[in-house]
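Undergrad: Please see the structure below; I have some questions.
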Amino acid sequence: MPTPKQRAAISKRVDRKKSPIPFRQAWIENFANNKFGTATTHWSKLEDRVQRGVGNPCPLVLIGLPASIVTFGEDPHTVQQLLDEAARGGGD
């Protein structure tokens, strides 16, 4: 069941005058935004949540990847250079 905040966000998108969307689409987008937003995909946001105790008493394993090793289709030679640089401590 959606929270009052979620219901308000859904209604706002369904009832808006400019480009309203169907309830189903508003609900799906709201669910996806709440579930997969930036809250835990950025280290600083995750760290804030851990400091507040979110997740207790569940044990957490947090793994952060430096930006220097994240690639987006570079050729294998470039990827290897980036990995070598990160191993030498040249990453973020």
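The values are calculated or read from the model by the stated rules, or taken from the named source; none is laboratory data. Treat the numbers as computed from the prediction; the structure is a model and nothing was measured. Here the Cβ positions follow ideal geometry from the backbone for every residue, glycine too, while neighbour counts run over all protein chains shown. For accessibility, only protein heavy atoms count, side chains too; no ligands or nucleic acids. Shrake-Rupley method; radii C 1.70, N 1.55, O 1.52, S 1.80 Å.
Undergrad: For the subset of region 60-85 comprising residues that are modelled with pLDDT under 80 and part of a helix (DSSP H, G or I), which member is least open to solvent (accessible area, probe 1.4 Å)?
TA: The selected residue is Ser68.
Undergrad: Could we say that Glu47 is in contact with a Leu (Cβ under 9 Å, 6 or more places away or on another chain), assigned to a helix (DSSP H, G or I) and of a type outside the set (S, T, N, Q) here?
TA: yes
Undergrad: Testing Thr40 on (1) open to solvent by 80 Å² or more (accessible area, probe 1.4 Å); (2) at pLDDT below 75, one condition comes back false. Which one is that?
TA: (1)
Undergrad: Of everything in region 46-59, what is open to solvent by less than 50 Å² (accessible area, probe 1.4 Å) and at pLDDT 75 or above? Give them in sequence order.
TA: Correct list: Leu46, Gly53.
Undergrad: Go through region 1-24 residue by residue and tally those that are polar (S, T, N, Q) and modelled with pLDDT under 90.
TA: Within region 1-24, residues that are polar (S, T, N, Q) and modelled with pLDDT under 90 number 2.
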